[in-house]
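What follows is a set of notes on a single structure, which appears directly below.
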Amino acid sequence: MQSLEFSHFRTSLLLLFVMMLIALETLTASERDDYVVPPIPVQQAPYAEWAHHHWVWIDHNRENQQVLLNLVNRYLSLDIPVGAVDVDSEWSTGINNFVVDKTKFPNFYQFVKQLHSMNVKVICWTTSVVDTDSPNYNEGKQKGYYLNDGETVKWWHGRGSFIDYSNPDAVNWWHKQLDNVLILNQTDKEGIDGWKCDGTDPYVYEFIYIYGKKGHISEREYADMYYRDFFYYTKQVRGDGLIMARPVDSYFGKVFLDFAPRDVVFSGWVGDQDPTFQGMQDALLNMFHSAWNKYVGFGSDIGGYRGGQKRELAVFIRWFQMGAFNSLMENGGDGPHEPWNYDDATTNVTSIYRKYVHIHYELNPFFYSTGIAAYNNHQSIMNPLASWTLFTPDTWSYILGKDILVTPMLSASPNVVVTFPTGKWIDYFNHDVVFDASGPAVFNYSTFEQFPVFYRAGSIIPLNITTDYVNTFGNSKTHGGYLTLAIHYPSENSENEQTIYSHGIHVKYQRDASSSVMKISISAPNNFRSDYKNLKIMLDIRGLRSSSKNGFKISQYSFYEQKYVDIPQYSSVKEFSKAGKYDVFGGFLQSPVTTFDTIDKVQNNQKLTLKHEPLLIKLHELVRGVELVIQ
């Protein structure tokens with residue numbers, strides 16, 4: 001009887017197990033059936049997106065609460081976005097005591113709160129050295145919180161001692177002081193968003209033998225402790241905090257030194273430079289060394305930090321143009337750095353500056369996606385074409401990610417040598433010109449509005465376009481809220497794919513010339529962004545010809561109807577601009593047949609003129625992913 005009961009029990013268990021397997025398989029199939037193209041796994045961002053915004057500041061001799069507010073308001077009144085303000089040194093009553101000097105900032109809480117209301121972040125200058133005349137110095141000395149028993153060093157802001165990060169009590173004491181500005185108000189938790197961590201760490205070399213509570217500490221270990229503590233503690237308190245720190249910097253342009261560790265440099269800067277073309281070249285060489293050492297993202301002080309005088313006009317303009325195509329666009333330092341100071345009867349510098357800041361912001365999804373991929377793959381956003389060298393590189397051209405080619409103009413000459421990797425490259429500012437090139441080619445840019453930037457044909461470039469100031473890609477402020485994906489001149493019988501980490505999607509296309517069909521798939525957005533369910537996409541496609549005299553037919557797979565459904569075509573820009581208010585799938589606009597030129601830079605600039613029909617496609621139904629067929 002017991003044997004029979006046991007057999008029955010065993011059979012029941014087996015049936016239950018089989019039913020669980022069937023249920024699990026059904027669930028898995030159901031999950032697959034929930035999407036047209038399933039989402040990719042969520043990639044946790046190693047840093048905050050505002051690392052790629054436009055940051056501004058004023059040197060400590062001129063800054064105060066009202067001056068900085070006026071600075072930001074002036075930029076914003078001119079429709080120039082500002083993402084962050086760097087409060088320079090001497091903002092506190094003592095060097096690194098983190099008590100706000102009320103003679104300069106009478107209400108720092110309101111200052112930060114007001115800037116946050118304008119969507120502007122705030123960072124404060126700092127180091128890990130406490131000066132001997134700072135009000136908090138003696139407490140740290142008496143409690144043994146400094147390296148080498150409080151031995152001092154002379155540096156550019158006085159004489160002081162280094163915090164001992166190997167002492168947990170010292171770190172806790174330090175953090176409580178950081179909280180003075182990280183949490184300015186206990187009720188609303190308002191506070192600053194990060195720090196500009198200046199490069200005092202090499203001064204520990206003066207100790208010869210460095211030691212703290214744990215014993216011997218190398219210079220590299222101390223630098224890692226310094227920068228990481230500011231970065232990770234600020235993230236712990238603020239969530240999306242950042243630090244501005246040096247990646248690689250140089251002494252006399254020959255001795256190159258790693259400052260901060262790679263895992264905290266996402267909004268780095270190289271400095272300080274003279275306000276000259278040579279200074280600009282020095283900054284770029286420091287950036288090249290930072291890229292060769294696989295630091296993720298960085299920029300430089302536009303116009304150079306040093307010098308109280310106005311910059312030469314060409315230096316200032318060419319520097320901010322380069323800055324727009326650095327992952328951090330950062331402008332400030334000694335002397336006038338504001339673009340309106342350079343306007344004259346012949347050149348509207350403010351207008352040019354505005355355009356390039358908006359270019360930088362349009363590229364924000366590109367920078368953020370490329371930065372996340374670079375961090376994960378131990379790469380840099382910037383990729384110099386030149387090989388590592390201590391001396392002048394054989395080319396100043398570099399690639400952002402793998403698809404945008406930039407060549408800074410490092411002299412007053414309108415002529416510049418662009419070094420092309422083998423392939424087809426599109427003029428960033430004139431999409432009707434494609435260069436089939438390999439190696440160096442000379443270009444002439446006779447006006448300040450022009451700048452040598454190219455992007456790879458067939459690439460997938462994500463953009464956030466909210467204004468008409470740039471007007472290079474097929475979108476405008478009337479389509480604000482769309483993520484633009486530019487796919488220009490894909491080769492026949494080609495395919496490409498790109499993960500857009502900034503929006504949690506994976507994009508893939510295949511172009512089949514024999515059937516005149518292009519297929520595009522876009523994965524369902526994952527929850528990388530909190531508003532992922534509201535994602536809308538604008539496809540900007542160039543280089544195709546329709547297979548019918550009636551024009552393109554574009555179909556999107558309908559999850560609900562389980563078949564491809566034609567999306568509507570609009571006959572005018574005006575009608576297309578309205579698409580989205582009523583159309584579930586969106587719609588498309590086909591431009592009339594036009595031409596583009598392919599210029600062979602290898603074969604004496606031979607020009608081939610070809611026809612195509614540019615396409616703009618709005619996609620609204622994205623929550624389950626997209627499969628699109630263009631024919």
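What follows is calculated from the coordinates using simple rules that are stated; it is not laboratory data. None of the values given here were measured: they were computed from a predicted structure. Note: ideal-geometry Cβ built from the backbone for every residue, glycine included; neighbour counts use all protein chains shown.
A few remarks follow.
- Across q = 0.19 Å⁻¹, the stretch 289-344 modelled as identical point scatterers on its alpha-carbon atoms has Debye log10 I(q)/I(0) values of -0.66, in the order of the q list.
- The amide H of residue 299, built 1.01 Å from its N in the peptide plane, has 268, 269, 270, 328 as neighbours under 5 Å, considering only residues 5 or more places off or on other chains.
- For the stretch 243-260, putting each phi into the Karplus relation 6.51 cos²θ - 1.76 cosθ + 1.60 with θ = phi - 60° gives couplings of 10, 9, 9, 6, x, 10, 10, 10, 10, 6, x, 10, 9, 9, 10, 6, 9, 6 Hz, in residue order, rounded to whole numbers and with x for Gly and Pro.
- Among 134, 184, 602 the positive-end extreme of the charge dipole of the chain (Cβ point charges): 602
- Taken one residue at a time, the phi angles of the stretch 547-553 give Karplus couplings (6.51, -1.76, 1.60, θ = phi - 60°) of 8, 10, 5, 7, x, 6, 10 Hz. Gly and Pro are set to x.
- For the pair residue 444 and residue 107 in one chain, pulling the backbone fully straight at 0.36 nm per residue adds 116.2 nm over the alpha carbon distance.
- For residue 377 and residue 255, the difference between the fully extended length at 0.36 nm per residue and the C-alpha to C-alpha distance is 41.2 nm.
- Under 5 Å, built H, 5+ apart or other chain: amide partners of residue 500: 505, 506, 507
- The stretch 44-89: mean projected area of Cα convex hull, nm²: 4.0
- Note: relative contact order over the stretch 457-630, using C-alpha pairs below 8 Å and six or more positions apart, is 22 percent.
- In terms of the mean number of neighbouring beta-carbon atoms within 10 Å, the peptides 411-421, 235-245 order highest first as 235-245, 411-421.
- Calculated FRET efficiency for the pair residue 627/residue 478, C-beta based, R₀ 30 Å, to 0.05: 0.65
- Ranked by how many other beta carbons lie within 10 Å on average, peptides 388-399, 273-284 from highest: 273-284, 388-399
- Under-5 Å amide H pairs with residue 195, H placed in peptide plane, nonlocal only: 124, 242, 243, 244
- Normalised alpha carbon radius of gyration of the chain [divisor 2.2 N^0.38 Å]: 1.10
- Placing unit charges on the Cβ atoms only, positive for Lys and Arg and negative for Asp and Glu, gives the chain a dipole magnitude near 1200 debye about its Cα centre.
- Solvent-free Debye scattering, log10 I(q)/I(0), computed from the Cα coordinates of the stretch 457-630 at q = 0.15, 0.18, 0.19, 0.20 Å⁻¹: -0.87, -1.27, -1.42, -1.57
- On the basis of the beta-carbon distance and an R0 of 22 Å, residue 432 and residue 513 show a calculated FRET efficiency of 0.55.
- Taken along the Cα-to-beta-carbon direction at a fixed 7 Å, the label points for residue 169 and residue 495 span 6.4 nm.
- Label zone at residue 188, where the point sits 7 Å out along the Cα-to-Cβ direction: the stretch 68-108 residues whose backbone N lies under 16 Å: 107-108
- Rounded to whole numbers, the Karplus 3J(HN,Hα) couplings from phi for the stretch 126-137 are 6, 9, 9, 9, 9, 6, 5, 9, 7, x, 8, 5 Hz, using 6.51 cos²θ - 1.76 cosθ + 1.60 with θ = phi - 60°, and x at Gly and Pro.
- Which of 285, 405, 153, positive extreme of dipole for the chain (C-beta unit charges): 405
- Taking other residues whose beta carbon is less than 12 angstrom from the beta carbon of residue 286, and scoring Lys, Arg as +1 and Asp, Glu as -1, yields -3.
- Take 590-599, 613-622 and order them by the average number of nearby Cβ atoms within 10 Å per residue, most first; the result is 613-622, 590-599.
- Nearest-0.05 FRET efficiency for residue 61 and residue 219, computed from C-beta distance (R0 45 Å): 0.90
- Gain upon complete extension [residue 211, residue 139; 0.36 nm per residue less C-alpha separation]: 24.0 nm
- Summed residue charge, Cβ within 14 Å of residue 116's Cβ, Lys/Arg positive, Asp/Glu negative: 0
- Top positive-direction residue, dipole computed over the stretch 510-631 with Cβ charges, set 521, 510, 535: 535
- DSSP bridge pairs, the stretch 457-630: antiparallel proportion in percent, nearest 5: 85
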